[in-house]
Amino acid sequence: MLKVEHLVVNYGAIKAVKDVSFEVHTGEIVTLIGANGAGKSTILKTISGIMRAKAGTVTYEDKVINLSSASRIVQLGISQVPEGRHVFEGLSVLENLQLGAFTQPRGADISASLEEVFTRFPVLAERRKQDAATLSGGEQQMLAMGRALMAKPKLLLLDEPSMGLSPIYIQKVFDIIKTIHEQGTTVLLIEQNATQALSIADRAYVLASGEVKMTGTGAELLADAQVQAAYLGG
Amino acid sequence: MHTIMQQLINGISLGSIYALLALGYTMVYGIIKLLNFAHGDVYMLGAFWGYFVINYWHFNFIFALISTMAITALVGVIIEFLAYRPLRHAPRVAALITAIGVSYFLENGMSYLYGASARSFPQVIKQHNYHVAGISISNIQIIILGTAIFLMVALQFVIKQTKMGKAMRAVANDPDAAQLVGINPNHVISFTFAIGSALAGAGGVLIGLYYNSIDPLMGMTPGIKAFVAAVVGGIGSIPGASIGGFLIGILETATQAVGLSAYKDAAVYVVLIIILLVLPSGIFGKNKKEKV
């Protein structure tokens, strides 16, 4: 479904991503793990079209998309939940969700998508009129995920969805990722919480200083001594 | 008491025009963090367009106003496309200097084409004065205030209710996240310039009607006052710009009323200085807190 080949991305003068290749197949949960500064977020931003590749290609459903605009990429079915949530503060929860459906064609059933999101995240329904800035971190994460789902993505990119959340919310976030996946959305997940990420992932790639160091199934990497030492705190 | 009421009415009429201008300033700043110093000159172009269509094509007030808004909207979009868009990722000071350049270009271009001398704006609506409880209000003042308020309500509707209005707020709030939901920032920026410039054009026609005189440099001072109004209200804040505009208008007429006509512009700048000292983010400005 998604194929990243020999991707090189510069962040100013820094080579954030050096020759990274990986693949996500339809129906999978794939996770990229690695320390801060490994280039994970840069890769997601490049897939979403808000950063540009210096070299290499991103292919989605057999189309090269690394020159397409961010809005085109959303239309093609890739939505991202950005790191740090980035909800629109000063706008209500409902407006945030409506903006999630920005690229939906005229006549699309937005109220049906809204109902779906509200069923999935009842807290958003309760707070639909509230300013998104007044939500707790966990609620904002729900909102950011709901907003991304409003675009009806085929591939959902999640950038550190558990960052800064309480343990209860972390569990909730991973449960939600699992259900979204079970309902047919392919997921590419970036996490520092490697144990959790690996335990739900079909396959995983380990990144360090802008390169893929290791790859395998979630279970394999979870059991790997090197990965355990470097990323699983043990 | 009568004098105060009278000056208040005069101030509100003038202030509503400043408010229209300040709205464009604040919206453009909110979206691309650019102080568009050519904004006052778009207002001048609006006044000239109104002058020509009323004089030569005999448009009535409503048609003159609507056609002016359409034309200045287009001018605003073109200015952004040619002058500011190539500098989108340049340092902000480059765009600021370009805005000043665009301003000089429009002022001197119009002086070159049509002469620098003032022209009298055609009186498309005959002035009547109504006397209510000893206070005199002209129909022109009522039209100015009515038009300005109508446009502000319409703007509020566009920003709060329409898809493009929500996209505007999204881009102003978080440009990256806006792109991630599929909003094309270029469309939103063009739209913002169109709306802001249309409001400035309307202001130009209204001021022509009010002061009867237009010239190619007429946009300079009101442009700066509208900028002050936007800062006073809290730059980036839409209600702030409206309130700021009214305050500046009232302040200016009040300064004249107490016999300090010569200092009316100075009074505005004094307010700017005080606001920047006491309330640097303006009346409605947000003190942005970083959330960790």
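The values are calculated or read from the model by the stated rules, or taken from the named source; none is laboratory data. It should be emphasised that the depicted structure is a prediction, and the values quoted were computed from it without experimental measurement. Every residue, glycine as well, gets a Cβ built from its backbone with ideal geometry; the counts of neighbours run over all protein chains shown.
Key figures for this structure:
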| item | result |
| --- | --- |
| Single residue of B:Asn55, B:Asn10 found to be farther than 21 Å from B:Gly196 by Cβ and within 19 Å of the chain's Cα centre (by Cα) | B:Asn10 |
| Some residue of segment B:211-221 being surrounded by 24 or more Cβ atoms within 10 Å (Cβ to Cβ), within 26 Å of B:Arg169 (Cβ to Cβ) and in contact (Cβ under 8 Å) with a residue 24 or more places away in the chain | no |
| Residue that is surrounded by the most Cβ atoms within 10 Å (Cβ to Cβ) [pool: residues in segment A:74-91 that are more than 8 Å from every other protein chain (Cβ to nearest Cβ) and in contact with a helix residue (DSSP H, G or I) (Cβ under 8 Å, 6 or more places away or on another chain)] | A:Ile78 |
| Residue identified as in contact (Cβ under 8 Å) with a residue 40 or more places away in the chain, surrounded by 13 or more Cβ atoms within 10 Å (Cβ to Cβ) and among the small types (Gly, Ala, Ser) among B:Ser111, B:Ser117 | B:Ser111 |
| Unique match (being more than 12 Å from A:Ala151 (Cβ to Cβ) and surrounded by fewer than 21 Cβ atoms within 10 Å (Cβ to Cβ)) among A:Ile65, A:Ile110, A:Ile43 | A:Ile65 |
| Close pairs (7 angstrom Cβ cut-off, 6 or more residues apart or separate chains): small (Gly, Ala, Ser) in segment B:78-98, outside any helix (DSSP H, G or I) anywhere | B:Ala95/B:Leu34 |
| Out of B:Tyr29, B:Tyr25, sole residue that is farther than 23 Å from B:Thr147 by Cβ and either under 20 Å from the mean Cα position of the chain (by Cα) or among the aliphatic types (A, V, I, L, M) (or both) | B:Tyr29 |
| Of residues in segment A:13-57 being of a type in the set (Lys, Arg) and farther than 23 Å from B:Gln179 by Cβ, the one modelled with the highest pLDDT | A:Lys18 |
| In segment B:34-68, the residues that are surrounded by fewer than 23 Cβ atoms within 10 Å (Cβ to Cβ), touching a residue at least 12 places away in the same chain (Cβ under 8 Å) and among the hydroxyl-bearing types (Ser, Thr, Tyr) | B:Tyr51, B:Ser67 |
| Cross-chain or 6+ apart pairs with Cβ under 9 Å, segment B:161-173 first and within 7 Å of chain A (Cβ to nearest Cβ), then charged (D, E, K, R) and assigned to a helix (DSSP H, G or I) | B:Lys166/A:Glu95; B:Lys166/B:Lys160; B:Arg169/A:Glu95; B:Arg169/B:Lys160; B:Ala170/A:Glu95 |
| Checking A:Lys40 against (1) away from every other protein chain (no Cβ under 14 Å); (2) free of Cβ contacts under 8 Å to residues at least 40 places away in the same chain; (3) among the charged types (D, E, K, R), the condition it does not meet | (2) |
| Filtered residues of segment A:59-73 (kept if under 16 Å from the mean Cα position of the chain (by Cα) and either more than 14 Å from chain B (Cβ to nearest Cβ) or in a loop (DSSP other than H, G, I, E, B) (or both)) | A:Tyr60 |
